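The values are calculated or read from the model by the stated rules, or taken from the named source; none is laboratory data. Just so you know, these numbers come straight off a predicted model, no measurement behind them. Here Cβ is always computed from backbone atoms with ideal geometry, including for glycine, and neighbour counts include all displayed protein chains. The accessibility values were calculated without ligands, DNA or RNA, using every heavy atom of the protein model including side chains. Shrake-Rupley method; radii C 1.70, N 1.55, O 1.52, S 1.80 Å.
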Amino acid sequence: MEGYGLVLAGGGGKGAYQLGAWKALKEMNVRFDAIIGVSIGSINGALIAADEYDKAVDMWKNVSIDKGIKINSELPDPENLLSKKNWGTLFREFVKNGGLDASPAMDFVSQYIDEDKVRKSMIDFGVIAVQLSQPGNKYELFLEDIPKGELVNYLMASANVPFANNIGPEGEKYLDGGAYDNIPVMSLKKRGYNRLIVVDISNIKGIAHNLNILNSQITYIRPYDMEELGATFDFDSAAVERRIQLGYYDTKKAFSQLLGRIYYFLPSTFRSMVIRYGADTVMQLEELAYTLGVDLMEIYTAEGFILATKEALLRYSQELAAKAEKNSTEEKTDETDAKEWDFSIFKAKLKERQEAKENEPSFIRSTLRKRFSSKNPLEDYPEAVALLDNYII
C-alpha cells in the first residue's frame, strides 16, 4: 500500500502536539514515504524518520528553556521564554551578546538525533530553512542537499528564531523556515507525493506559502482552536502532556476513529446522539459546552457530556445571578450616597446607567459578552439549552 507524505509545521513548544499525532498514527500502522518539517517540525520529523518514538518522548519530557537558550541572568518566568516578565532580561542579554546563545539547543537535540538512522530509513526527508548569508538559495533542503554529518546543524537552522545565534551550519546564517513556508505541502507535491498528512500547530503560514490541492488526498490534523496549544515558548511539563494528548485525540478524529466537531466521542456514541437529538442540537451542544469551558481532554459518553454541560451551565447561571445581585446592591448604595451628598451626581449616574441599559438589554448578556466575547449562550444555542433544561440529572 502506498505510504503518506508527512508535513510537520513549526510552532516551538506546540510541537509536542505532533508527538501525540505520531503515537496515534503508529497505532494505525500508517507508513511514510516522505517527511518534510519546519522548525520544531523538522526535529520531530527526523525522529519519526528514524523511528525513534521513545527518544522523542524522552526529549519532550526533558525539554526546558535552559536547554535551548543560555542566559546568564535568572528569568522571572523560566517556563515561558517570551513572557512579558522576561523582556527586560532578554533585552539586556541580547544587547550584551549580540543575540541569545542557542548553543544549548544544538547540544540538547544532538542527543536524540541519529543521522545514520534517518539516512538509512529510505524516507525522503527534508526541511525548510531560510538562508540569510546567501539570499536566493533554495529553501527546501532534502537529505541529498545536506552534507553527511551536518543533519543536526540543518535541523537547528530550520528552527533558528531571529534573536538566536551560535546555531546552524558554521559560517552561515539561517532564519526559522516558518518565515518562508510553515506548511510546505507544495514541497512534497513537487516531488510527486500527493497522499499527504499535514500536522498543523500554528496559524502562521509563511510569506511563500502556496496550497494547490489539485489531484491530492490531504488529511489535516489540527486542534479545533489553536489557542488550546498555549504559548509557543511554554515548555511547562503539564502543557507538554496536554498537547500530546490533544494531538493523539485529533489524529484519531482525522481518521474517523473518534468523532465530534469540538469534543471527542466514540463513533457509535456520536452517531447515536445525532440520531436521538438531531445534528443541529448536537452541534449547538458542543459549541455551548466549549463556551462554558467544559473539559476538552476526555472521550465522552453521551450522558457524561450532557451532564457536564448542564452542570457547567448551572454554575455559570449561579455565578451570573450572584453578580447581578451584587450589581443591584451597588446601585442602591450609590443611590443612597448620591441622595446624601449630591443629587446632581446621582442624576448623572442614573443617566449613565440608563444609556448603558439601552445599549445592553440585560446584565447577564453584558457579563456573558465580556466573559465569552459573544452573545448570551442561552440565545445562541436554544436547542441545546432546551435539551439541557429537560434532561434530568
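Some points to look at:
- Residue order by solvent-accessible surface for Glu27, Glu286, Glu144, Glu228 is Glu144, Glu27, Glu228, Glu286, largest first, with ligands and nucleic acids left out and a 1.4 Å probe.
- Accessible surface, 1.4 Å probe, highest first, among residues Met283, Met122, Met297: Met122, Met283, Met297
- Surrounding net charge for Glu311, when Lys and Arg each add one and Asp and Glu each subtract one, Cβ distance under 15 Å: -3
- The modelled label-to-label distance for the pair Asn194/Asp51, using points 7 Å beyond Cα in the direction of Cβ, is 2.9 nm.
- The local environment of Gly12, defined by Cβ-Cβ distances under 12 Å, has a net charge of 0 under the rule Lys, Arg +1 and Asp, Glu -1.
- Additional length obtainable on full extension of the chain from Phe142 to Asn390, 0.36 nm per residue less Cα span: 83.4 nm
- Model label sites at Ser317 and Lys26, defined 7 Å from Cα along the beta-carbon direction, differ in position by 4.6 nm.
- Distance from the alpha carbon centroid of segment 188-225 to that of segment 254-285 works out to 26 angstrom.
- Residue pairs exceeding 22 angstrom between C-alpha atoms, taken from Lys148/Lys205; Lys23/Lys173; Lys23/Lys253; Lys23/Lys117; Lys23/Lys148; Lys14/Lys189: Lys148/Lys205; Lys23/Lys173; Lys23/Lys148; Lys14/Lys189.
- In the assembled protein chains, Lys26 presents an accessible area of approximately 80 Å² (probe radius 1.4 Å).
- The residues of segment 182-295 expose, per residue, 46 Å² of accessible area to a 1.4 Å probe.
- Extended-chain gain in nm, criterion 0.36 nm per residue less alpha-carbon gap, Asn212 and Arg119: 30.6 nm
- Using the Cβ of Arg261 as centre and a radius below 13 Å, the other residues enclosed give a net charge of -4, where K and R count +1 and D and E count -1.
- Averaged over its residues, segment 24-65 has an accessible area of 34 Å² per residue, based on protein heavy atoms and a 1.4 Å probe.
- Largest accessible area first, the residues Thr309, Thr301, Thr291 order themselves as Thr301, Thr291, Thr309 under a 1.4 Å probe with ligands, DNA and RNA left out.
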